[in-house]
Amino acid sequence: MGRKILFVTTDQQRYDTLGCNGGKLARTPVIDRLAADGIRYERAVPQSVVCMPSRSTIITGQHPTTHGVWMNGVPLPVDAPSVAAALRDAGYKTSLIGKAHFEPFMDPFGRFTENQLGRAGTNAANGHRGFDHLELATHGANGMLHYAIWVLNHHPEAIGMFYPVVDGDMNVNAIGGGDTDAPQVKTNPIPREWYHTDWLADRAIEWLGTLDATDDWFCWLSFPDPHHPWDPPESELGRIDWRDVPLPEGYPTDRSQREAILDAKPRHWRQWYDGTLVSNFEAPRHWVPATLTDDQVREINARNAIECELIDEALGRVLVEVERRGWADDVDVIFTTDHGEFQGDFGLLFKGPYHVDALMRLPLIWRPAPSAGIAPSVVTAPVGLVDLAPTFTTIAGQVPCEWMQGKALPVDDSDASSRGFGVTLTEWDSELFGVGVYLRTITHGDFVCTVYKPGHVHDGSEGELYDLASDPLQHRNLWDDPGYAALRSDLVAELWDRQPEPHRPRLQVEAPV
Amino acid sequence: MASIRREVVIERSADDVWALVGDPATIHTWFPGMTDATVNGSTRLITTATGLPLPETILVNDPIQRRFQYRLDLPVVRYHRGTIDVIELDRARCLVVYSTDCEPDPMALVVGGATGNALQALKRQLEADTA
């Protein structure tokens, strides 16, 4: 009997939303306890800042260039390598409960398995991407995934309670709500027990209940929150009064200061802020960031924090079940997310081709199984989500698969140093109706350097360079600073030297998301 | 207006490919996710694997140019043209181009995103027939 793995992901969650990472707004005692008993990573970096490429990195252990999912809407090939399959081959029972998103949601032809399973009313995945059991959900109750079908069958009146994620033109919705008319905010009267966060915890507990005590298992519990829309159950809104929420440190309240910071970055930053360029589908097409108000930032942060609290409590219920089954000493718990969220930083919301901490610094906590005897620690060296897959196989007593491009996560900084951690890569490619944007980024120690390839708004000369130690908010772009020219040159050379093998042929976009 | 284009080279003659592509009642035999196609004059009703009915108007079915063009008639689609061109490369090979022009923009990917996959399925089917 080996170690079991409870892998918990959220969607679009910032590093600073957890108490253990210094967050002051959301109360997250369950995750904070895991951090205190385990390893807390202070610089976990995604290899993409949007869902499908990032999630594909998690399951394949490969960079987006290699697995081929270069933007949302590109399905991960069904025969792509999968760490879940490697664990299943090693005898593990495997499940993914929650948001998968290796395949597009918008699927009128019903071509993708994730949607087919929900419509067919089955959780039996028969090894699809290495899983025995898939029980899927996303943000709300529309679509064909299991949660949407459950709501339709049991509580159809709740479908319209959620925020309408897309508008009548199928663009990400810009319509406002709440007290401040903030985009992607709605007061949702759904009872808490019907909301997807608690529903998924129930489903995970039920799946664990199907297992024998001696089974080895890998459960990927994937919460769709705190990704927008920010529509937690109305019954929970009293937890945090948005009027009491301090403005984030990364939100320059002075408009001229905010715009000066944006103007020092490549031009698409300011163009998006002014509403003259929306380069990616994930941002509401008809929302102009320059209209964002202080109160909207407060209300969004309050609702986001409430969603984080609900996740923490739901995870707590699953851990109680793990303990009740007698597995507590043998379960590794890993908690992370796929990418971050602006949440007001630079006067922006959502995400896009912007490689800064808001989107790139992720919560990552590994609480090793107590039976493994690994001491609690804090790792400051950069690690990547690409390192998760080999971590899972290592926990399972397996050698990481040859197709994995990362390394098993370090257990402390000494381990990180001896095994060569300290550098991560992140990439962005998007092509949306004639607008192409292409970024390549290296995080090396305290420096983050981004190169822009030629595209719709960039000529290939632009870039960003930040010193995270002296400029943690990334307000000062050093790209054109002569004092950093040599460092910039070295980082750019290293960035290109480290580019992974590309997927051939290039995969096609098959849906907006 | 959004415009997307997918293409594939098929190792079959343009006439062989056109025999399938130019027959509007057989699209569901090569387009994954379509379960039925019923043609009545210039109208065609597609049924998808999700049970969604897609009513269409056939605009062009030209065996000389080997061009097939149709319009999707759905309230959520303000403008749509789906165009399939079969272009001879040599006697045994042709290029098939499937274009989708659509407004609102995201619908181009929602309804046209599957066309690249469909062309691959068409290629597999026709080249398997040769083997």
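The values are calculated or read from the model by the stated rules, or taken from the named source; none is laboratory data. Quick caveat, the model's predicted, so the values are computed rather than measured. Reconstructed Cβ throughout: ideal geometry from the backbone, glycine too, with neighbour counts over all protein chains shown.
In table form, for the structure just shown:
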{"read-out": "Number of the exception - A:Asn153 against (1) at negative phi; (2) surrounded by 15 or more Cβ atoms within 10 Å (Cβ to Cβ); (3) of a type in the set (S, T, N, Q); (4) away from chain B (no Cβ under 14 Å)", "value": "(2)"}
{"read-out": "Residue satisfying condition, being β-branched (Val, Ile, Thr) and surrounded by fewer than 19 Cβ atoms within 10 Å (Cβ to Cβ), within set A:Val320, A:Val333, A:Val278", "value": "A:Val320"}
{"read-out": "Residue among B:Val110, B:Val60 that is within 11 Å of chain A (Cβ to nearest Cβ) and without any contact (Cβ under 8 Å) to a residue 60 or more places away in the chain", "value": "B:Val110"}
{"read-out": "Among (1) more than 18 Å from the chain's Cα centre (by Cα); (2) within 14 Å of chain B (Cβ to nearest Cβ), the one test that A:Ala141 misses", "value": "(2)"}
{"read-out": "Single match in A:Gly160, A:Gly127, A:Gly168 (criterion: over 21 Å from the mean Cα position of the chain (by Cα), assigned to a loop (DSSP other than H, G, I, E, B) and surrounded by fewer than 19 Cβ atoms within 10 Å (Cβ to Cβ))", "value": "A:Gly168"}
{"read-out": "Residues of the stretch A:114-124 that turn out to be away from every other protein chain (no Cβ under 12 Å) and either under 22 Å from the mean Cα position of the chain (by Cα) or among the β-branched types (Val, Ile, Thr) (or both), as a count", "value": "2"}
{"read-out": "Filter result (touching an Asp or Glu at 6+ places or on another chain (Cβ under 8 Å), away from chain B (no Cβ under 14 Å) and surrounded by fewer than 16 Cβ atoms within 10 Å (Cβ to Cβ)) within the stretch A:171-186", "value": "A:Asp179"}
{"read-out": "Tally, over the stretch A:1-52, of residues that are polar (S, T, N, Q), part of a helix (DSSP H, G or I) and crowded, with 23+ Cβ neighbours inside 10 Å", "value": "1"}
{"read-out": "Some residue of the stretch B:14-21 being more than 13 Å from the chain's Cα centre (by Cα) and within 14 Å of chain A (Cβ to nearest Cβ)", "value": "no"}
{"read-out": "Within the stretch A:493-513, tally of residues that are assigned to a loop (DSSP other than H, G, I, E, B) and without any contact (Cβ under 8 Å) to a residue 60 or more places away in the chain", "value": "2"}
{"read-out": "Failed criterion for A:Tyr452 (all others in (1) surrounded by 14 or more Cβ atoms within 10 Å (Cβ to Cβ); (2) out of contact with any His (no Cβ under 7 Å at 6 or more places or on another chain); (3) more than 14 Å from chain B (Cβ to nearest Cβ) hold)", "value": "(2)"}
{"read-out": "Test for B:Glu56: is it among the charged types (D, E, K, R) and surrounded by 15 or more Cβ atoms within 10 Å (Cβ to Cβ)", "value": "yes"}
{"read-out": "Within the stretch B:113-131, considering residues that are in a helix (DSSP H, G or I) and away from every other protein chain (no Cβ under 14 Å), the one surrounded by the fewest Cβ atoms within 10 Å (Cβ to Cβ)", "value": "B:Ala128"}
{"read-out": "Members of the stretch A:192-229 found to be over 19 Å from the mean Cα position of the chain (by Cα) and in a loop (DSSP other than H, G, I, E, B), listed by number", "value": "A:Tyr195, A:Gly209, A:Thr210, A:Leu211, A:Asp212, A:Ala213, A:Thr214, A:Asp215, A:Asp216"}
{"read-out": "Residue among A:Leu478, A:Leu468, A:Leu491 that is modelled with pLDDT of 95 or more, away from every other protein chain (no Cβ under 14 Å), out of contact with any Gly (no Cβ under 9 Å at 6 or more places or on another chain) and closer than 23 Å to A:Ala416 by Cβ", "value": "A:Leu491"}
{"read-out": "Test: B:Met1 is buried (at least 19 other Cβ atoms within 10 Å of the Cβ), within 28 Å of A:Met106 (Cα to Cα) and among the hydrophobic types (A, V, I, L, M, F, W, C)", "value": "no"}
{"read-out": "Yes/no for B:Leu72 being under 15 Å from the mean Cα position of the chain (by Cα) and free of Cβ contacts under 8 Å to residues at least 40 places away in the same chain", "value": "yes"}
{"read-out": "Candidate set from the stretch A:78-87 (those that are touching a helix residue (DSSP H, G or I) at 6+ places or on another chain (Cβ under 8 Å) and not β-branched (Val, Ile, Thr)); member that is farthest from the other protein chains (Cβ to nearest Cβ)", "value": "A:Leu87"}
{"read-out": "Restricting the stretch B:25-44 to residues that are outside any strand (DSSP E or B) and exposed (fewer than 14 other Cβ atoms within 10 Å of the Cβ), the residue that is farthest from the other protein chains (Cβ to nearest Cβ)", "value": "B:Gly41"}
{"read-out": "Filter result for A:Gly352 (in contact (Cβ under 8 Å) with a residue 40 or more places away in the chain, of a type outside the set (A, V, I, L, M), over 24 Å from A:Tyr195 (Cβ atoms) and touching a Leu at 6+ places or on another chain (Cβ under 7 Å))", "value": "no"}
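Table: residues versus (1) out of contact with any helix residue (DSSP H, G or I) (no Cβ under 9 Å at 6 or more places or on another chain); (2) crowded, with 17+ Cβ neighbours inside 10 Å; (3) at negative phi; (4) not hydrophobic (A, V, I, L, M, F, W, C).
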position	(1), (2), (3), (4)
A:Ser371	no, no, yes, yes
A:Ala375	yes, no, yes, no
A:Gly384	no, yes, yes, yes
A:Thr424	no, yes, yes, yes
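For every residue, the table says whether it meets (1) within 14 Å of chain A (Cβ to nearest Cβ); (2) aliphatic (A, V, I, L, M); (3) touching a residue at least 60 places away in the same chain (Cβ under 8 Å); (4) assigned to a loop (DSSP other than H, G, I, E, B).
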{"position": "B:Ile46", "(1), (2), (3), (4)": "yes, yes, no, no"}
{"position": "B:Glu56", "(1), (2), (3), (4)": "yes, no, no, no"}
{"position": "B:Phe68", "(1), (2), (3), (4)": "no, no, no, no"}
{"position": "B:Asp85", "(1), (2), (3), (4)": "no, no, no, no"}
{"position": "B:Thr100", "(1), (2), (3), (4)": "yes, no, yes, no"}
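For (1) within 30 Å of A:Asp412 (Cβ to Cβ); (2) crowded, with 24+ Cβ neighbours inside 10 Å; (3) away from chain B (no Cβ under 14 Å); (4) of a type in the set (A, V, I, L, M), each residue gets a yes or a no:
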position	(1), (2), (3), (4)
A:Ser54	yes, yes, yes, no
A:Thr66	yes, no, yes, no
A:Trp70	no, yes, yes, no
A:Pro75	no, yes, no, no
A:Asp89	no, no, yes, no
A:Ser95	no, yes, yes, no
A:Phe102	no, yes, yes, no
